[in-house]
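The block underneath contains the structure these notes are about, expressed in structure tokens.
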Amino acid sequence: MARPRKPLLSTDRIVLAARDLVDAEGLAAVSTRRLAAELGVSGPSLYNHFRTKDEILEAVADSVSAQVDLSMFEDGRDWRTALHDWAVSYRAALRDHPNIVPVLARGPGRRPAALRLADAVYGAMVDAGWPPAQATSIGALMRYFVMGSALGSFAGGFVGDAGAYDPADYPHLGQAHLLAEQQEKIDERAFETGLTALLDGLALQYEQVGRPASG
């Protein structure tokens, strides 16, 4: 029997195509008709795997959550180091797929990878001696911080035209037109600065409320 010219339709293939489309053109570009065309199938065939466009976007979001490394919560790293390394991995995943962040920002819902992520963070903090209420807050604030950093570039928000920053109006922005040229370096430094400050603050709180787990 001759092999089919196109790979058989599967959930994974639909999610990959949808993720590529979101990455390239944004959330608004995704429709069942567009996806069917990209995959070379009829529109109704998608409904054997997903009932709605929203379900497809939820699956795309979860595929991004699945890219986040969680091993730091299982290999003996202390809670601060684990949070730092997880935040870096989390941001890297979102930075690679920034257009899906609005869907991720809705919360984990029923998405398996997102729930595993939340479970890993919360469990690691409680195991490290954080009271449950604070462990919940830590998971939330880390999510706010990482997602906020992935929503856009600070440095990239400045135009490269020196004339846009008249010193009469903006006396402290004489070098602002140079920021975009070093966008990645500046944004990475800002993220690390904020993450360090956040973790320093948590370390001070831990001295007051933390109960290190007994060996």
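The values are calculated or read from the model by the stated rules, or taken from the named source; none is laboratory data. In this text the structure is predicted, and so the values were computed from the model without any measurement. Cβ sites come from the backbone with ideal geometry, for glycine too, and all protein chains shown count toward neighbours. All accessible areas refer to the heavy atoms of the entire protein, side chains included, with ligands and DNA or RNA removed. Shrake-Rupley method; radii C 1.70, N 1.55, O 1.52, S 1.80 Å.
Accessible area, 1.4 Å probe, largest first: how do TYR170, TYR144 sort?
On the way: TYR170 105, TYR144 155 Å².
Of TYR170, TYR144, the descending order of accessible area is TYR144, TYR170.
Testing the spin-label approximation: label points 7 Å from Cα along Cα→Cβ at GLU38 and GLU74. State their distance in nm.
3.0 nm
Which label marks the calculated value of volume of the Cα convex hull per residue in Å³, given the options (1) 154; (2) 182; (3) 127?
Identified label for the calculated read-out: (2).
Provide the per-residue ³J(HN,Hα) series for the stretch 72-85, in order, calculated from phi with Karplus coefficients 6.51, -1.76, 1.60 and θ = phi - 60°, each as a whole number of Hz, with x at glycine and proline positions.
Once rounded to whole Hz, the list reads 5, 8, 10, 10, x, 5, 5, 4, 5, 4, 4, 4, 4, 5.
Residues in the stretch 127-145, backbone N under 15 Å from the label point at PHE154 (7 Å along the Cα-to-beta-carbon vector): list them, ranges by number please.
Answer for the stretch 127-145: 145.
Taking springs between alpha-carbon atoms closer than 10 angstrom, which of PRO132, PRO102, PRO44 fluctuates most in the Gaussian network model of the chain?
PRO44
Could you grab the relative contact order for the stretch 1-72? Cα pairs under 8 Å, six or more apart, rounded to a whole percent. List each step's numbers first, then the result.
Working: 38 pairs, mean separation 23.3, N = 72.
Answer for the stretch 1-72 is 32 percent.
Along the stretch 44-51, what does the Karplus equation 6.51 cos²θ - 1.76 cosθ + 1.60 (θ = phi - 60°) give for ³J(HN,Hα), rounded to whole Hz, x for Gly and Pro?
x, 5, 5, 6, 6, 10, 9, 7
Kindly write out, for the stretch 21-31 in residue order, the coupling ³J(HN,Hα) from the Karplus curve 6.51 cos²θ - 1.76 cosθ + 1.60 (θ = phi - 60°), rounded to whole Hz, with x marking Gly and Pro.
The phi angles translate into 5, 4, 4, 7, 10, x, 4, 5, 6, 7, 8 Hz.
Where the accessible area of the stretch 1-79 is counted over protein heavy atoms with a 1.4 Å probe, how much of it, in %, is carbon and sulfur?
Of the solvent-accessible surface of the stretch 1-79, carbon and sulfur hold 51 percent.
How many Å² of accessible area per residue for the stretch 14-88, probe 1.4 Å?
49 Å²
Magnitude of the Cβ-charge dipole of the stretch 58-194, K/R +1 and D/E -1, about the Cα centre, nearest 20 debye?
Working: 11 positive and 18 negative charges, 94 e Å.
Roughly 460 debye, rounded to the nearest 20.
Computed FRET efficiency, Cβ-Cβ of ASN48 and ASP119, R0 30 Å: what is it to the nearest 0.05? All intermediate terms of the calculation are to be shown ahead of the outcome.
Working: r = 30 Å, r/R0 = 1.02.
Calculated value: 0.50.
For ARG189 and ALA28, what is the calculated FRET efficiency with R₀ set at 35 Å and r taken between the beta-carbons, to the nearest 0.05?
E between ARG189 and ALA28, to the nearest 0.05, is 0.60.
Given axes a ≥ b ≥ c from the Cα gyration tensor, I'd like to know whether the stretch 164-215 is rounded (a/c under 1.5), prolate (a/b larger than b/c) or oblate.
Oblate is the answer for the stretch 164-215, as a/c is 1.5 or above yet b/c matches or exceeds a/b.
When the helices in the chain are scored as -39500 (n - 2.57) per DSSP H run of 4 or longer and the sum is shared across all residues, what 222 nm value do you end up with, to the nearest 500 deg cm²/dmol? Intermediate results must be reported in sequence, preceding the final value.
Numbers: 8 runs with 120 residues, N = 215.
It comes out at -18500 deg cm²/dmol, rounded to the nearest 500.
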